[in-house]
Amino acid sequence: MSHPDDGPALHMAGCSSRVSIPRPERLAEYWRGRRDPSPNLIQWMADGLIDTISGDDVPFLASLVESARKEG
């Protein structure tokens, strides 16, 4: 996990970022606790702060990328 300010700071320093996104079944635990990381992930992708994403659920990843495209 990182602080929201870390993304811009890393990019300004010339570092790239790779984020591994769990399957929705794993994220459900966060969603039940009203802690949804999706809006932040989508915004960071839209802002170009995430260089590479990975995960096991490709359709879910594609939906996040599509949301980021609409956002950006």
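The values are calculated or read from the model by the stated rules, or taken from the named source; none is laboratory data. Computed from a prediction, not measured in an experiment: that's the story for all the values here. A quick note on method: Cβ atoms are made from the backbone with ideal geometry, for glycine too, and the neighbour counts reach across all protein chains shown. The accessibility values were calculated without ligands, DNA or RNA, using every heavy atom of the protein model including side chains. Shrake-Rupley method; radii C 1.70, N 1.55, O 1.52, S 1.80 Å.
Couple of notes before you dig in:
- Accessible area per residue in Å² at 1.4 Å probe, computed on the chain: 72 Å²
- Diagonalising the gyration tensor over the Cα atoms of segment 1-70 and scaling each eigenvalue by 5 before taking the square root yields semi-axes of 21, 14, 11 Å, largest first.
- Taking ALA13, ALA28, ALA62 in turn, the Gaussian network model of the chain (Cα-Cα springs below 10 Å) assigns the largest fluctuation to ALA13.
- Charging the Cβ of each Asp and Glu at -1 and of each Lys and Arg at +1, and nothing else, the dipole of the chain about its Cα centre rounds to 160 debye.
- Note on SER54 and TYR30: the extension gain reaches 6.8 nm, defined as 0.36 nm multiplied by sequence separation minus the Cα-Cα distance.
- Where VAL58, VAL65 fall by accessible area, highest first, once all protein chains stay in place (1.4 Å): VAL58, VAL65
- A full extension of the chain between ASN40 and ARG69 corresponds to an added length of 9.1 nm, given 0.36 nm per residue minus the alpha carbon distance.
- Split the accessible area of the chain by element, probe 1.4 Å, and carbon with sulfur accounts for 51%.
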